[in-house]
1. Taking the options D20, D69, D15, D111, name whichever one is of a type in the set (D, E) and at pLDDT 85 or above.
2. Would you mention how many residues in the stretch 89-111 are over 18 Å from S198 (Cβ atoms) and touching a helix residue (DSSP H, G or I) at 6+ places or on another chain (Cβ under 6 Å)?
3. Tell me, which helices (runs of 4 or more DSSP H) wholly within the stretch 160-263 include 3 or more residues that are within 20 Å of D69 (Cα to Cα) and modelled with pLDDT under 70?
4. I'd like to check which helices (runs of 4 or more DSSP H) are fully inside the stretch 32-97 and have at least 1 residues that are surrounded by fewer than 19 Cβ atoms within 10 Å (Cβ to Cβ).
5. Out of all the residues in the stretch 142-161, which are among the polar types (S, T, N, Q) and surrounded by 24 or more Cβ atoms within 10 Å (Cβ to Cβ)?
6. Report yes if L150 is farther than 23 Å from V56 by Cβ, modelled with pLDDT of 85 or more and either hydroxyl-bearing (S, T, Y) or part of a helix (DSSP H, G or I) (or both), otherwise no.
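The values are calculated or read from the model by the stated rules, or taken from the named source; none is laboratory data. What you see is a predicted model, and the numbers here were worked out from it, not measured in a lab. Using ideal geometry, Cβ is built from the backbone for each residue, glycine included, and neighbour counts are taken over all protein chains shown.
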Amino acid sequence: MTLDALIAGVSAWFDAALPDHGIYALMAFAFIAGLARGFSGFGAALILIPLGGAIVGPKLISPILLVIDGIATLGMIPPAWRGANRPEVFVMAAGAALGVPAGTAMLALLDPMLLRWSITIIAIALLALLASGWRYHGAPSAPLSSGIGLIAGLFSGAAQLGGPPVVAYWLGGKSDFTRVRANVVLYFSISSVFSAISYYIGGLFVPAVFALTAVILPSYAVGLYGGSKLFGLAEERTFRIACYILIAAAAIIGMPLLDGVLR
């Protein structure tokens with residue numbers, strides 16, 4: 001096969017796999033989602049899933065986020081491994097091993113419109129949980145940690161929305177924000193493996209997932225890098241409020257009733 005034929009074949013594959021609208025919007029949303037993820041260790045799904053789901057549907061945007069986040073955050077894993085409370089993370093990940101397959105089954109089997117409404121409601125509820133300031137202040141225990149992992153795994157499998165329950169649980173303890181961020185990053189590096197296996201078995205890795213990943217991964221990676229830099233510079237409270245506002249806007253704009261806004 002000649003080089004020209006190879007290029008033509010790849011181009012034809014992209015043309016067939018990519019949607020006919022919303023590419024630039026997805027790139028912008030991916031950048032914002034990466035910014036939030038890089039700073040706090042979570043938040044990408046709460047921004048990208050409602051907005052991206054309104055453009056390409058939840059059954060595409062969830063595996064896309066899984067792939068781009070898994071690739072872009074590889075460099076965050078070594079420092080997270082050093083800074084995290086690994087026994088706590090492993091216990092929570094054990095719960096996620098049960099929750100992720102159940103959530104993936106929901107993603108694969110539910111009607112896309114019902115799934116989008118469910119994602120919108122869950123995203124708003126989780127945002128309210130985070131913004132309320134409520135935190136679990138009891139002593140961490142293995143049964144409770146694994147239970148939180150089960151719930152977070154269910155949300156991750158269905159829509160990559162497992163961050164808020166985990167964050168609300170860990171922020172209430174004695175760990176500082178740096179330790180919590182390391183815990184979250186390490187936990188999601190493990191739960192992402194469970195999600196990848198479940199998504200593969202569920203047949204969710206279709207060609208469009210990889211075509212869109214190639215297109216929006218650079219934007220997400222740039223946002224992730226910028227957010228990581230801001231983590232050491234910006235005031236935590238200020239950036240957290242900004243993230244909450246972005247998440248609320250994403251949940252509202254991503255509602256099925258407002259599909260015309262993004263199309």
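1. Working: D20 fails: at pLDDT 85 or above; D15 fails: at pLDDT 85 or above; D111 fails: at pLDDT 85 or above.
After ruling out the rest, the residue left standing is D69.
2. If we filter the stretch 89-111 for residues that are over 18 Å from S198 (Cβ atoms), which is where we start, we get 89-91, 111.
This time we only want the ones that are touching a helix residue (DSSP H, G or I) at 6+ places or on another chain (Cβ under 6 Å), so: 89, 91.
So the count comes out to 2.
3. On the way: elements: 163-171, 177-201, 207-231, 236-253, 259-262.
In the stretch 160-263, the matching helices (runs of 4 or more DSSP H) lie at 236-253.
4. Numbers: elements: 44-56, 58-72, 77-83.
Correct list: 58-72, 77-83.
5. Let us first name the residues in the stretch 142-161 that are among the polar types (S, T, N, Q), namely 145-146, 156, 160.
Passing the criteria: S156, Q160.
6. Values: farther than 23 Å from V56 by Cβ: yes; modelled with pLDDT of 85 or more: yes; either hydroxyl-bearing (S, T, Y) or part of a helix (DSSP H, G or I) (or both): yes.
Yes, satisfied.
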